[in-house]
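In what follows, a single structure is set out as structure tokens and then discussed.
Values in this text are rule-based calculations from the coordinates and carry no lab data. Here the structure is a predicted model, which means the values were calculated and not measured. Ideal geometry is used to build each Cβ from the backbone, glycine not excepted, and the neighbour counts take in all protein chains shown.
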Amino acid sequence: MAPLTDLLSCSIIEKDCNGDVLWTWSYPAVTESQKTVVMRKCNLKLEHNSPHVFVCARHGHDWFYIYCSEVFDSDKLPKVKQFALVLFAKDFNPQKYEVLSRVLSKMYCKTGKPTEILQLYLSVFTKGSCSTQENGTFVSDDFNTHRFAANTNVRELIKTFELETILIYTALLLKKRIVVYHHSLEQLLKWIRTFPALMRHRKVTDNLFPWIDLVNDELTELKRHPYYVAGCNNSSISSRTDLYDLFVNIPAREITVTSHAKGRIDRNKSYLLE
């Protein structure tokens, strides 16, 4: 088994019984800018909202994966109500890191010790796997590129948009700015991983932003890229035509081409349909 050297860091964020949220542990370290974007995405600070169990997003050239867990009376975390386990990595593979996050989170619930998490993390980093008696096993080689591609939803995407799917393909081919909208974050993250599978000969993930919020730091980072595929669950994104050439509204089953990109996309669409 190959070591998982794409792993960059592991962290734990806890919400205690008083509602205070603290970044309690990291290995080896995270930057302040990484902390800022993760704290925004993990939603542990919200009073009445249950956080999404597993989410992923991008920061700079790296990816981060957040796995949130409720803490029960039987767990070894008496002062903690919820916690989030955060992994930073060099590669985009949600399936792989969700499984790893789950194994690490179960171990933390059982022991309450970051040192136990560290042992498993180092095992994965150096050997590509970790094993526990009660909390599951993780093997990095089980999540190769072929398996990840096979788990995408290309058929459903084509079924949803029918011939209009060619607009998405054309925009990818021409390296245009694509924004994908769904009000459900869970659904957005499921659909967004399908777009790179439409063009496997090109590494679309280099310019993939699975989930952006309409805040200055994330928009500034997005605009540094001449083209991209970006997901957003805020409906007001539709009015930000400065951010996209092609807008894909998943729940409405609509694809909109902006006026400034319409000519070239339509010409290539016609050519591909001939």
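The GluC sites (Glu not before Pro) of segment 100-194 meeting both criteria, a DSSP state outside H, G, I, E and B (loop) and at most 13 other C-beta atoms within 10 angstrom of the site's C-beta, are E134.
Within segment 1-106, the trypsin sites (Lys or Arg not before Pro) that combine a DSSP coil assignment with at most 15 other C-beta atoms in a 10 angstrom radius are K45, K76, K79, K90.
Using the number of other C-beta atoms within 10 angstrom as an exposure proxy, rank H260, H182, H225 with the fewest first. Walk me through the numbers on the way to the answer.
Numbers: H260 10, H182 21, H225 14.
By the 10 Å Cβ count, ascending: H260, H225, H182.
Taking 20 Å as the cut-off, the amide N atoms of segment 61-88 that come nearer than this to a point 7 Å along the Cα-to-beta-carbon line of T115 belong to 76-79. Counted by Cβ distance under 13 Å from V154, the other residues give a net charge of +4, where Lys and Arg count +1 and Asp and Glu count -1.
Per-residue extension of 0.36 nm, minus the Cα-Cα distance of A252 and A197, leaves a gain of 17.6 nm for this segment.
Comparing Cα centroids, segment 146-223 and segment 63-131 end up 27 angstrom apart.
Each label point was placed 7 Å from the Cα along the Cα-to-Cβ direction; for R155 and V53 their separation is 2.4 nm. Checking the Cα-Cα distances for K41/K127; K45/K81; K81/K190; K175/K223; K96/K176 against a 20 Å cut-off, the pairs over it are K41/K127; K81/K190; K96/K176.
Where in segment 121-227 are there trypsin sites (Lys or Arg not before Pro) that are in a DSSP coil and have at most 16 other Cβ atoms within 10 angstrom of their Cβ? Here the sparse-neighbourhood loop sites are K175, R200, R202, K203, R224. Ranking I12, F161, L122 by how far each Cα lies toward the positive end of the dipole of the chain (charges on Cβ) leaves F161 at the top.
Share of antiparallel DSSP beta bridges in segment 7-145, in percent to the nearest 5?
Bridges in segment 7-145 that DSSP calls antiparallel: roughly 100 percent.
For the pair D206 and L174, label points projected 7 Å from Cα toward Cβ lie 2.1 nm apart.
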